[in-house]
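We did not get these values from a lab; they are worked out from the coordinates using the rules stated. All of these numbers come straight from a predicted model, not from anything done at the bench.
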């Protein structure tokens, strides 16, 4: 089995503010599958996050919503092309109102850094050089 695309659904407090936040980071939205309650954040080819108002998100689950500022619901990890892109997107996130939740880590083969968006969702951004994997 092989999935064609991924859509990670995230509940947000203010859809317009969240869209502005991610646009500031350099991402775009697919307007074809967006409306006033949901917006499709394009993370890469076949990689998406649906930012949903809390009321819209509740239509898809019977469980109560978690508060991402108080509990970890998920870690969204994005591989970028180099260390500079990793540091750049974290800086942009902080400048746009997000925050750093973990200091950068350099494992030799992988460099990672992390930020929280406006709603507390945790984003792991990393660069990995498979040629430097430990043997």
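In terms of the Cα gyration tensor, with a ≥ b ≥ c the square roots of its eigenvalues, is region 1-61 rounded because a/c is under 1.5, prolate because a/b exceeds b/c, or oblate? Oblate.
The long axis of helix 15-24 is offset from the longest Cα principal axis of the chain by roughly 30 degrees.
Spatially, region 57-73 and region 80-104 are offset by 25 Å when compared through their Cα centroids. Summed over qualifying helices (DSSP H, 4 residues or more, each -39500 (n - 2.57)) and divided by its residue number, the chain shows a 222 nm mean residue ellipticity of -6000 deg cm²/dmol. Rounded to a whole number of µm²/s, how large is the Stokes-Einstein D of the chain at 25 °C and 0.890 mPa s, given Rh as the Kirkwood radius over C-alpha pairs? Estimated diffusion coefficient is 156 µm²/s. For the chain, the longest principal axis of the Cα atoms and the long axis of helix 83-95 meet at an angle of about 40 degrees. Across region 68-135, C-alpha contacts under 8 Å between residues 6 or more apart give a mean separation that, scaled by the residue count, equals a relative contact order of 40 percent.
In the elastic network of the chain, a GNM with C-alpha springs shorter than 10 Å, the most mobile of 73, 45, 23 is 45. Its Kirkwood hydrodynamic radius, worked out from the mean inverse distance over all distinct Cα pairs, puts region 68-135 at 12.3 Å.
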